[in-house]
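What follows is a short report on a single structure.
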Amino acid sequence: LAEVGRIYRAREQLEVAEDYLKRYLALPRSVPRDNGPAYLFLAQIEEDRGNLPNAIEWLEKVTRGDQFLPALLRRALLIGRSGQVEEARELLRNTTVPTLRERVQLISGEAQVLREAKRNEEAFEVLDQALQRMPENPELLYDHAMAAEKLDRVDTMETSLRKLIELRPDNAHAYNALGYSLADRNLRLEEAQKLIEKALELAPDDAHILDSMGWVLYRRGQLEQAVEYLQRAFKLRPEAEIAVHLGEVLWRLGRSEEARALWKDARVREPDNEILRETLARLNVSL
(Lines give C-alpha, C1' and ligand atoms only; values in the text may rest on other atoms or scores of the structure.)
Protein backbone atom coordinates (compact mmCIF):
# COMPACT_ATOMS: atom_id res chain seq x y z
CA LEU A 1 0.00 0.00 0.00
CA ALA A 2 2.83 2.42 0.81
CA GLU A 3 4.32 1.86 -2.65
CA VAL A 4 0.94 2.46 -4.29
CA GLY A 5 0.66 5.69 -2.30
CA ARG A 6 4.01 6.86 -3.64
CA ILE A 7 2.92 6.12 -7.20
CA TYR A 8 -0.28 8.15 -6.85
CA ARG A 9 1.62 11.06 -5.32
CA ALA A 10 3.99 11.01 -8.29
CA ARG A 11 0.90 11.32 -10.48
CA GLU A 12 -0.23 14.28 -8.35
CA GLN A 13 -3.34 12.41 -7.16
CA LEU A 14 -2.79 13.54 -3.60
CA GLU A 15 -6.08 12.40 -2.06
CA VAL A 16 -5.70 8.88 -3.44
CA ALA A 17 -2.07 8.73 -2.30
CA GLU A 18 -3.03 9.93 1.16
CA ASP A 19 -5.78 7.31 1.44
CA TYR A 20 -3.46 4.45 0.53
CA LEU A 21 -0.74 5.62 2.93
CA LYS A 22 -3.15 5.99 5.84
CA ARG A 23 -4.57 2.54 5.13
CA TYR A 24 -1.02 1.20 5.24
CA LEU A 25 -0.40 2.81 8.61
CA ALA A 26 -3.66 1.35 9.93
CA LEU A 27 -2.66 -2.24 9.09
CA PRO A 28 -2.14 -4.52 12.11
CA ARG A 29 1.50 -4.69 13.18
CA SER A 30 1.95 -8.45 13.00
CA VAL A 31 5.66 -7.86 12.41
CA PRO A 32 7.81 -4.83 13.31
CA ARG A 33 7.99 -2.27 10.51
CA ASP A 34 9.43 1.17 9.92
CA ASN A 35 6.63 3.63 9.23
CA GLY A 36 9.12 6.43 8.59
CA PRO A 37 8.83 6.40 4.78
CA ALA A 38 5.02 6.59 4.96
CA TYR A 39 5.17 9.50 7.41
CA LEU A 40 7.60 11.28 5.10
CA PHE A 41 5.32 10.87 2.11
CA LEU A 42 2.28 12.07 4.04
CA ALA A 43 4.31 15.10 5.13
CA GLN A 44 5.26 15.78 1.51
CA ILE A 45 1.60 15.59 0.48
CA GLU A 46 0.71 18.21 3.09
CA GLU A 47 3.65 20.32 1.97
CA ASP A 48 2.44 20.06 -1.64
CA ARG A 49 -0.88 21.41 -0.40
CA GLY A 50 0.86 24.27 1.38
CA ASN A 51 -0.21 23.00 4.79
CA LEU A 52 3.06 23.29 6.70
CA PRO A 53 1.70 22.66 10.23
CA ASN A 54 0.25 19.31 9.15
CA ALA A 55 3.47 18.42 7.34
CA ILE A 56 5.45 19.19 10.48
CA GLU A 57 3.12 16.96 12.55
CA TRP A 58 3.73 13.99 10.25
CA LEU A 59 7.49 14.55 10.35
CA GLU A 60 7.43 14.61 14.16
CA LYS A 61 6.22 11.01 14.09
CA VAL A 62 9.51 9.80 12.56
CA THR A 63 11.44 9.01 15.75
CA ARG A 64 13.79 6.22 14.66
CA GLY A 65 15.18 4.36 11.67
CA ASP A 66 16.86 5.42 8.44
CA GLN A 67 14.37 8.24 7.87
CA PHE A 68 14.89 9.93 11.23
CA LEU A 69 17.55 12.43 10.18
CA PRO A 70 16.00 13.34 6.78
CA ALA A 71 12.68 13.90 8.56
CA LEU A 72 14.29 16.02 11.27
CA LEU A 73 16.13 18.19 8.73
CA ARG A 74 12.96 18.67 6.70
CA ARG A 75 10.99 19.51 9.84
CA ALA A 76 13.52 22.18 10.80
CA LEU A 77 13.30 23.73 7.33
CA LEU A 78 9.50 23.84 7.47
CA ILE A 79 9.54 25.31 10.98
CA GLY A 80 11.93 27.98 9.69
CA ARG A 81 9.68 28.68 6.71
CA SER A 82 6.81 29.11 9.15
CA GLY A 83 8.70 32.03 10.65
CA GLN A 84 10.12 30.21 13.68
CA VAL A 85 13.76 30.34 12.71
CA GLU A 86 15.20 30.19 16.22
CA GLU A 87 12.99 27.22 17.11
CA ALA A 88 14.27 25.43 14.01
CA ARG A 89 17.87 26.16 14.97
CA GLU A 90 17.31 24.87 18.52
CA LEU A 91 15.79 21.66 17.18
CA LEU A 92 18.92 20.99 15.11
CA ARG A 93 21.40 22.07 17.78
CA ASN A 94 19.77 19.99 20.51
CA THR A 95 19.63 16.76 18.48
CA THR A 96 22.23 14.15 19.41
CA VAL A 97 23.55 12.01 16.56
CA PRO A 98 26.10 9.17 16.68
CA THR A 99 28.38 10.08 13.74
CA LEU A 100 30.41 13.06 12.56
CA ARG A 101 28.73 12.87 9.16
CA GLU A 102 25.31 13.30 10.75
CA ARG A 103 26.56 16.18 12.90
CA VAL A 104 27.78 17.91 9.74
CA GLN A 105 24.33 17.40 8.21
CA LEU A 106 22.76 19.15 11.21
CA ILE A 107 25.18 22.08 10.85
CA SER A 108 24.45 22.37 7.12
CA GLY A 109 20.74 22.18 7.92
CA GLU A 110 21.02 25.08 10.33
CA ALA A 111 22.84 27.12 7.70
CA GLN A 112 20.12 26.32 5.18
CA VAL A 113 17.41 27.46 7.60
CA LEU A 114 19.25 30.78 7.96
CA ARG A 115 19.77 31.15 4.19
CA GLU A 116 16.08 30.63 3.52
CA ALA A 117 15.37 33.34 6.09
CA LYS A 118 17.75 35.65 4.15
CA ARG A 119 20.14 35.66 7.10
CA ASN A 120 23.14 34.93 4.89
CA GLU A 121 25.76 36.44 7.17
CA GLU A 122 24.67 34.23 10.07
CA ALA A 123 24.59 31.17 7.80
CA PHE A 124 28.18 31.90 6.81
CA GLU A 125 29.21 32.29 10.46
CA VAL A 126 27.68 28.93 11.42
CA LEU A 127 29.64 27.19 8.67
CA ASP A 128 32.80 29.21 9.27
CA GLN A 129 32.87 28.23 12.95
CA ALA A 130 32.24 24.58 12.10
CA LEU A 131 35.00 24.62 9.49
CA GLN A 132 37.46 25.93 12.07
CA ARG A 133 36.77 22.78 14.09
CA MET A 134 36.77 20.47 11.04
CA PRO A 135 38.97 22.21 8.46
CA GLU A 136 39.17 19.29 6.05
CA ASN A 137 35.54 18.21 6.00
CA PRO A 138 34.47 18.12 2.32
CA GLU A 139 30.79 18.83 2.94
CA LEU A 140 31.56 21.82 5.14
CA LEU A 141 34.11 23.17 2.65
CA TYR A 142 31.52 23.13 -0.13
CA ASP A 143 28.74 24.69 1.95
CA HIS A 144 31.18 27.29 3.33
CA ALA A 145 32.18 28.24 -0.21
CA MET A 146 28.57 28.61 -1.31
CA ALA A 147 27.75 30.71 1.76
CA ALA A 148 30.73 32.96 0.99
CA GLU A 149 29.56 33.24 -2.62
CA LYS A 150 26.18 34.49 -1.43
CA LEU A 151 27.99 37.31 0.38
CA ASP A 152 30.16 38.03 -2.68
CA ARG A 153 33.27 36.97 -0.77
CA VAL A 154 34.89 35.55 -3.88
CA ASP A 155 38.34 35.03 -2.37
CA THR A 156 36.94 33.05 0.56
CA MET A 157 34.76 31.00 -1.76
CA GLU A 158 37.71 30.20 -4.00
CA THR A 159 39.95 29.25 -1.07
CA SER A 160 37.41 26.72 0.24
CA LEU A 161 36.70 25.24 -3.19
CA ARG A 162 40.39 24.92 -4.06
CA LYS A 163 40.99 23.13 -0.77
CA LEU A 164 38.07 20.82 -1.53
CA ILE A 165 39.51 20.09 -4.99
CA GLU A 166 42.86 19.31 -3.37
CA LEU A 167 41.20 16.89 -0.95
CA ARG A 168 38.76 15.42 -3.47
CA PRO A 169 40.14 15.84 -7.01
CA ASP A 170 37.21 13.82 -8.37
CA ASN A 171 34.57 16.19 -6.97
CA ALA A 172 32.87 17.50 -10.10
CA HIS A 173 30.67 19.94 -8.19
CA ALA A 174 33.68 21.73 -6.71
CA TYR A 175 35.17 22.44 -10.16
CA ASN A 176 31.75 23.43 -11.44
CA ALA A 177 30.93 25.76 -8.55
CA LEU A 178 34.21 27.64 -8.92
CA GLY A 179 33.98 27.81 -12.71
CA TYR A 180 30.37 28.97 -12.70
CA SER A 181 30.96 31.60 -10.01
CA LEU A 182 33.84 33.08 -12.02
CA ALA A 183 31.83 32.99 -15.25
CA ASP A 184 28.78 34.57 -13.65
CA ARG A 185 30.95 37.48 -12.53
CA ASN A 186 32.72 37.72 -15.91
CA LEU A 187 36.04 36.92 -14.24
CA ARG A 188 38.92 34.86 -15.68
CA LEU A 189 36.66 33.30 -18.28
CA GLU A 190 39.29 31.06 -19.87
CA GLU A 191 40.12 29.58 -16.48
CA ALA A 192 36.42 29.29 -15.65
CA GLN A 193 35.82 27.30 -18.83
CA LYS A 194 38.69 24.93 -18.05
CA LEU A 195 37.26 24.29 -14.59
CA ILE A 196 33.83 23.52 -16.02
CA GLU A 197 35.36 21.30 -18.72
CA LYS A 198 37.04 19.31 -15.94
CA ALA A 199 33.69 19.04 -14.14
CA LEU A 200 32.10 17.75 -17.36
CA GLU A 201 34.81 15.12 -17.74
CA LEU A 202 33.87 13.83 -14.30
CA ALA A 203 30.07 14.14 -14.74
CA PRO A 204 29.21 14.47 -18.45
CA ASP A 205 25.44 14.20 -18.00
CA ASP A 206 24.99 16.56 -15.06
CA ALA A 207 22.44 19.21 -16.04
CA HIS A 208 23.88 21.87 -13.75
CA ILE A 209 27.37 21.44 -15.18
CA LEU A 210 26.00 21.56 -18.73
CA ASP A 211 24.22 24.78 -17.72
CA SER A 212 27.52 26.19 -16.46
CA MET A 213 29.26 25.34 -19.72
CA GLY A 214 26.51 27.06 -21.67
CA TRP A 215 26.81 30.10 -19.42
CA VAL A 216 30.58 30.46 -19.73
CA LEU A 217 30.35 30.07 -23.51
CA TYR A 218 27.73 32.81 -23.53
CA ARG A 219 30.01 35.04 -21.48
CA ARG A 220 32.75 34.39 -24.05
CA GLY A 221 30.47 35.35 -26.93
CA GLN A 222 29.96 31.85 -28.35
CA LEU A 223 26.18 32.06 -28.44
CA GLU A 224 25.27 29.17 -30.74
CA GLN A 225 27.43 26.72 -28.77
CA ALA A 226 25.98 28.12 -25.55
CA VAL A 227 22.43 27.36 -26.74
CA GLU A 228 23.37 23.74 -27.48
CA TYR A 229 24.66 23.13 -23.95
CA LEU A 230 21.79 24.98 -22.30
CA GLN A 231 19.17 23.10 -24.31
CA ARG A 232 20.77 19.80 -23.26
CA ALA A 233 20.73 20.95 -19.65
CA PHE A 234 17.10 22.08 -19.84
CA LYS A 235 16.03 18.79 -21.40
CA LEU A 236 17.60 16.92 -18.49
CA ARG A 237 16.28 19.31 -15.82
CA PRO A 238 13.66 21.87 -16.85
CA GLU A 239 14.45 24.09 -13.86
CA ALA A 240 13.83 27.82 -13.62
CA GLU A 241 17.48 28.87 -13.42
CA ILE A 242 18.44 26.89 -16.53
CA ALA A 243 15.39 28.30 -18.33
CA VAL A 244 16.47 31.82 -17.40
CA HIS A 245 19.98 31.26 -18.80
CA LEU A 246 18.71 29.66 -21.99
CA GLY A 247 16.19 32.46 -22.40
CA GLU A 248 18.87 35.14 -22.11
CA VAL A 249 21.05 33.55 -24.78
CA LEU A 250 18.06 33.14 -27.10
CA TRP A 251 17.14 36.78 -26.44
CA ARG A 252 20.63 37.89 -27.46
CA LEU A 253 20.29 35.82 -30.63
CA GLY A 254 17.06 37.64 -31.51
CA ARG A 255 14.85 34.63 -30.73
CA SER A 256 12.70 36.71 -28.42
CA GLU A 257 9.48 34.69 -28.56
CA GLU A 258 11.27 31.50 -27.53
CA ALA A 259 12.94 33.42 -24.72
CA ARG A 260 9.66 34.87 -23.48
CA ALA A 261 8.00 31.45 -23.50
CA LEU A 262 10.80 30.01 -21.36
CA TRP A 263 10.69 32.91 -18.91
CA LYS A 264 6.90 32.75 -18.59
CA ASP A 265 7.12 29.04 -17.83
CA ALA A 266 9.89 29.68 -15.29
CA ARG A 267 7.76 32.33 -13.60
CA VAL A 268 4.88 29.84 -13.27
CA ARG A 269 7.22 27.24 -11.78
CA GLU A 270 9.03 29.62 -9.42
CA PRO A 271 7.26 32.99 -9.17
CA ASP A 272 9.78 34.32 -6.61
CA ASN A 273 12.93 33.25 -8.47
CA GLU A 274 15.52 35.98 -7.90
CA ILE A 275 17.61 35.15 -10.97
CA LEU A 276 14.54 35.49 -13.19
CA ARG A 277 13.62 38.87 -11.67
CA GLU A 278 17.18 40.15 -11.97
CA THR A 279 17.50 38.99 -15.59
CA LEU A 280 14.24 40.55 -16.72
CA ALA A 281 15.14 43.83 -15.01
CA ARG A 282 18.64 43.87 -16.50
CA LEU A 283 17.34 43.17 -20.01
CA ASN A 284 14.41 45.57 -19.49
CA VAL A 285 11.90 42.87 -20.44
CA SER A 286 8.29 42.84 -19.31
CA LEU A 287 6.33 39.61 -19.55
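The values are calculated or read from the model by the stated rules, or taken from the named source; none is laboratory data. It should be emphasised that the depicted structure is a prediction, and the values quoted were computed from it without experimental measurement. Positions of Cβ are backbone-derived with ideal geometry, glycine not excepted, and every protein chain shown enters the neighbour counts. All accessible areas refer to the heavy atoms of the entire protein, side chains included, with ligands and DNA or RNA removed. Shrake-Rupley method; radii C 1.70, N 1.55, O 1.52, S 1.80 Å.
The figures follow:
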item	result
The range 52-165 - accessible surface per residue (Å², probe 1.4 Å)	51 Å²
Contour excess over end-to-end distance, with Cα ends at residue 154 and residue 270 and 0.36 nm allotted per residue	39.1 nm
Cα-based Rg / Dmax (Å) for the range 240-287	9.2, 26
Within the range 117-151, trypsin sites (Lys or Arg not before Pro) in DSSP loop having at most 13 other beta-carbon neighbours inside 10 Å	118
FRET efficiency, 1/(1 + (r/R0)^6) with R0 41 Å, evaluated for residue 284 and residue 57 via beta carbons	0.35
Longest exposed-site-free window of the chain, the sites being GluC sites (Glu not before Pro) in a DSSP loop that have at most 15 other C-beta atoms within 10 Å	137-287
Distance between modelled label sites at residue 16 and residue 168, nm, 7 Å Cα→Cβ extension	4.0 nm
Percent of Cα-Cα distances greater than 16 Å, calculated over the range 55-144	51 percent
Hydrodynamic radius of the range 140-208 per Kirkwood, over alpha carbon pairs, in Å	11.7 Å
Cα Rg over Rh - the range 11-74, Kirkwood	0.97
Subset of 150/198; 163/194; 22/61; 118/163; 118/194 violating a 21 Å alpha-carbon distance limit	150/198; 118/163; 118/194
Projected area, mean over directions - the range 159-287, Cα convex hull, nm²	7.6 nm²
Accessible carbon and sulfur surface of the range 150-255 relative to its total accessible area, %, 1.4 Å	44 percent
Sum of -39500 (n - 2.57) over DSSP H runs of 4+, divided by residues of the chain (222 nm, nearest 500)	-23500 deg cm²/dmol
Kirkwood hydrodynamic radius of the chain, from inverse mean 1/r over distinct Cα pairs, in Å	21.2 Å
Difference of contour (0.36 nm per residue) and Cα-Cα distance, residue 68 to residue 186	38.2 nm
